[in-house]
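Novice: One structure is given below, represented as structure tokens, and several questions about it will come after.
The values are calculated or read from the model by the stated rules, or taken from the named source; none is laboratory data. Since the model is a prediction, treat every value here as computed from it, not as a measurement. Cβ coordinates were reconstructed from backbone atoms using ideal geometry, including for glycine residues, and neighbour counts include every protein chain displayed. Note: accessible area is taken over every heavy atom of the protein model, side chains too, but ligands, DNA and RNA are not part of it. Shrake-Rupley method; radii C 1.70, N 1.55, O 1.52, S 1.80 Å.
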Amino acid sequence: MVRALVVEKDAEGKTHAAVAEVSEDQLPDGDVTVAVEYSTVNYKDGLCIGPGGGLVRTYPHVPGIDFAGTVETSSDPRYKPGDKVVLTGWRVGENRWGGYAEKARVPADYLVPLPEGLTTRAAMAVGTAGLTAMLAIMALEDHGLKPGQGPVLVTGAAGGVGSVAVATLAHLGHEVAAVTGRPDQADYLTSLGATQIVAREDFAEVTKKPLESELWSGCVDAVAGVMLGRVLKQMKYGASVAAIGLAGGAAIEGALITPFILRGVNLLGIDSVMQPYANRLRAWQRIAKDLPMDRLEAMIEPAVLSDLPRLGAAILKGQVRGRVVVDVRG
Ligand code: NDP
């Protein structure tokens, strides 16, 4: 039997999440069975622990969109028992059982070997959020971002993606301006390397202005909504915004065409879910090389499976700071 966080749906359509034992036979099909050590709490996990948000197809369900652990059995020649692996994406934890269990079974193609220098715990302190932050930074670099061009803006900064983006950009030598709606997190963001704290309210109003003062040499945006509409108008000439999330709304409110045609601004969409193996490997190798591991510890809130119903609800309200690392054996 395997301990897991199991979400059930009752006759009235309400979901209930609790720690329970499931049979190993219930794990989905796949080439590789992994003894999971750590998973994390991401925004999508909040949806899957709770009402599903249209992501979960069948119940009972085991959420957990990322995990790191040790290969137990493998019918794929790329992996053998004892190998350390990490998984993000591919709708694991959404339309198939995920990492909130002592064991997970997945197709070998979904896995990445744990890069040298990373522990399974550190890999999950990074997790889907950190991988996404790194993919965003790599996309900005591919579009010309270099240190010394002026401040890079990070929105939703105290959240998971935001925290890793702030720490990594600062470590790479960028000035980082962190936007947060939680003024009490200013010290935390400064400790990650932010050189400027910007209030969320500064971006709260839709304006009709076609452009604003050029302020930012790049942006990692986790929020969208009104904030992204304003940010686009404040980008420097030729700069890029890597849009990774929609914590503030699914539209870009108040956006005009002007930043694109008068300032050559680029809007880059980042999707971590369906990244091909080569891209995921490259991003994980960059993480092992360029993420400030000393700052990673400050981002971690440790948790065990029984904490997940509470934490799933908290992340949907924007109340989680940094990265929740779940020891599934705890
Ligand atoms: P978190 O909840 O950890 O962080 C989101 C942050 O956004 C919050 O901490 C808060 O930061 C800010 N925020 C929340 N609500 C609002 C609001 N209404 N208006 C303005 N700011 C708000 O989530 P993650 O960092 O894990 O994920 C962020 C987004 O990115 C989510 O939408 C998620 O689904 C998406 N995502 C996308 C991925 C991809 O592949 N593209 C991968 C991973 C996540 P603060 O308190 O500092 O203001």
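Novice: Given the rule -39500 (n - 2.57) for each run of at least 4 DSSP H residues, summed and divided by the residues of the chain, what is its mean residue ellipticity at 222 nm, to the nearest 500 deg cm²/dmol?
Specialist: Calculated from helices alone, the mean residue ellipticity at 222 nm is -8500 deg cm²/dmol.
Novice: Moving on. Search the structure for amide H atoms under 5 Å from the amide H of Val325, placed 1.01 Å from N in the peptide plane, and list their residues when 5 or more places away or on another chain.
Specialist: For Val325, whose amide H was placed from the backbone, the distant partners under 5 Å are Glu301, Ala303.
Novice: Compute the accessible area per residue over the chain, keeping the other protein chains in place, probe 1.4 Å, unit Å².
Specialist: Accessible surface, normalised per residue, equals 41 Å².
Novice: Can you list the GluC sites (Glu not before Pro) in segment 1-71 that are in a DSSP coil and have 15 or fewer other beta carbons within 10 angstrom?
Specialist: Glu12
Novice: Continuing with this model, one more query. Normalise the Debye intensity by I(0) for segment 49-107, one equal point scatterer per Cα, no solvent, then take log10 at q = 0.12, 0.17, 0.19 Å⁻¹ and round to two decimals.
Specialist: Summing over Cα pairs of segment 49-107 leads to -0.30, -0.57, -0.68.
Novice: Can you pull the percent of the chain's accessible area that's carbon plus sulfur, 1.4 Å probe, other chains left in place? Before the final figure, lay out each step's value.
Specialist: Details: 7030 of 13480 Å².
Carbon-and-sulfur percentage of accessible area, whole number: 52.
Novice: Could you order the peptides 159-169, 118-128, 209-219, 49-59 from most to least packed, using the average number of other C-beta atoms within 10 Å per residue?
Specialist: Result, highest mean first: 159-169, 118-128, 209-219, 49-59.
Novice: List the GluC sites (Glu not before Pro) within segment 172-205 that DSSP assigns to loop and that have no more than 16 neighbouring Cβ atoms inside 10 Å.
Specialist: Qualifying residues, ordered by number: Glu205.
Novice: Mind checking segment 201-245 for trypsin sites (Lys or Arg not before Pro) that DSSP puts in a loop (not H, G, I, E or B) and that have at most 12 other Cβ atoms within 10 Å?
Specialist: Answer in residue order: Lys208.
Novice: Counting Lys +1, Arg +1, Asp -1, Glu -1, what net charge surrounds Ala101 among other residues with beta carbon under 11 Å of its beta carbon? Let's see the in-between values first.
Specialist: Details: positive: Arg3, Lys103, Arg105, Arg329; negative: Glu21, Glu24, Glu102.
Counting the neighbours of Ala101, the net charge comes to +1.
Novice: Taking a quarter of the surface of the convex hull around the Cα atoms of the chain, what do you get in nm²?
Specialist: The Cα convex hull of the chain, projected and averaged over all directions, gives 16.3 nm².
Novice: Please compute, over every Cα-Cα pair in segment 11-102, the percentage with a separation greater than 22 angstrom.
Specialist: Counting every Cα pair in segment 11-102, those more than 22 Å apart make up 27 percent.
Novice: Write down Rg/Rh for segment 128-269, rounded to two decimals, with Rg from the C-alpha atoms and Rh from the Kirkwood relation over Cα pairs. Working shown, then result.
Specialist: On the way: Rg = 13.4 Å, Rh = 14.5 Å.
Looking at segment 128-269, the ratio lands at 0.93.
Novice: Are there any helices in the chain, counted as whole DSSP H runs, that stretch 27 Å or more along their axis by Cα and score at least -0.5 on average by Kyte-Doolittle, and if so which? Display every interim value, and only then the final one.
Specialist: On the way: long enough: 120-142 (29 Å, 1.04).
Long hydrophobic helices here: 120-142.
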